[in-house]
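Undergrad: Pasting in a structure now, in structure tokens, and then I'll have a few things to ask.
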Amino acid sequence: CDSLSNNKIRKLSLEGTCIEDTSMIKLLENHGSYLEFINLSHTSSLTDETLVGVRKYCSNLQHLNISKMNVTKVGVLGLFLEDKSSNDSRSNSSSSMLKSLCFDWLECVDDDIIVEVAKSTAGNLRDLFIGNCKEIRGKAIMALKMHSASTLQYLDLSFARQIHENALGVLVEECNQLRKLTLWGWTDLSKQFLIYVRTLCEVEGAYQPKII
């Protein structure tokens with residue numbers, strides 16, 4: 001970190017590394033205010049402590065990937081919930097500017113988290129990757145419809161098969177900027193649904209009948 005002290009780092013990717021919380025937090029403390037992109041995917045040594053550091057120091061963050069991290073629901077929620085008891089402006093920074101979020105393979109991610117994500121990133125969220133987050137259901141979809149419909153361009157819901165196709169269809173209809181919907185693992189979608197959704201955006205991963 002010392003050798004980088006004079007550099008304004010805007011992009012940080014530590015995917016698959018063995019960095020631990022203490023070193024990561026020091027890095028964020030020194031450079032977090034400049035960071036716009038952070039990829040911590042598959043960093044199994046990092047925990048909720050690092051997420052606290054992201055919230056505290058990364059006020060300009062636009063892209064965050066924490067897929068396959070060793071984090072809890074409380075830790076992830078902490079990135080987005082407003083701390084009304086704190087007088088430190090930094091404690092409520094980090095999430096409002098986010099344009100891209102990747103939560104792939106985080107078992108802790110559920111409706112409660114996505115509702116807070118949608119509210120705190122309203123007007124900014126463009127890309128959302130929540131593949132293999134199997135606790136996602138209709139409440140999350142409705143929150144995205146309410147807060148993110150005007151900005152969402154890419155949505156990955158692979159293997160989130162607890163969502164009813166009618167709820168998903170309503171979301172896709174409302175997201176007039178949506179370019180791509182990824183649905184790997186969705187094997188029970190109706191032919192009529194897929195034909196219709198394909199007229200609205202590109203669909204990847206699901207069975208796609210030919211339009212005759």
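The values are calculated or read from the model by the stated rules, or taken from the named source; none is laboratory data. Predicted, not measured: the structure shown is a model, and the values here were computed from it. As a convention, Cβ positions derive from the backbone with ideal geometry for all residues, glycine included, and neighbour counts pool all protein chains shown. These accessible areas exclude ligands, DNA and RNA; they are computed on the full protein's heavy atoms, side chains included. Shrake-Rupley method; radii C 1.70, N 1.55, O 1.52, S 1.80 Å.
Undergrad: In region 201-212, which residues are at pLDDT 95 or above and either surrounded by 15 or more Cβ atoms within 10 Å (Cβ to Cβ) or of a type in the set (Gly, Ala, Ser) (or both)?
TA: Those that are at pLDDT 95 or above and either surrounded by 15 or more Cβ atoms within 10 Å (Cβ to Cβ) or of a type in the set (Gly, Ala, Ser) (or both): 201, 203.
Undergrad: Pairs under 8 Å by beta carbon, first residue under 11 Å from residue 104 (Cβ atoms) in region 149-167, partner open to solvent by 40 Å² or more (accessible area, probe 1.4 Å) and assigned to a strand (DSSP E or B), six or more apart or different chains?
TA: Sorted first by the residue in region 149-167, then by its partner, the pairs are 156/129.
Undergrad: If residue 194 passes every condition in (1) in contact with a His (Cβ under 7 Å, 6 or more places away or on another chain); (2) at pLDDT below 95; (3) among the aliphatic types (A, V, I, L, M) but one, which one does it miss?
TA: So the condition that residue 194 fails would be (1).
Undergrad: May I pose another question? Of the conditions (1) at pLDDT 95 or above; (2) more than 21 Å from the chain's Cα centre (by Cα), residue 38 clears all except one; give me its number.
TA: In the conditions (1) at pLDDT 95 or above; (2) more than 21 Å from the chain's Cα centre (by Cα), residue 38 misses (2) alone.
Undergrad: While we're looking at this one, here's another question. If I go through region 31-78 residue by residue, how many of them are under 22 Å from residue 124 (Cβ atoms) and acidic (Asp, Glu)?
TA: The number of residues fulfilling the criteria is 1.
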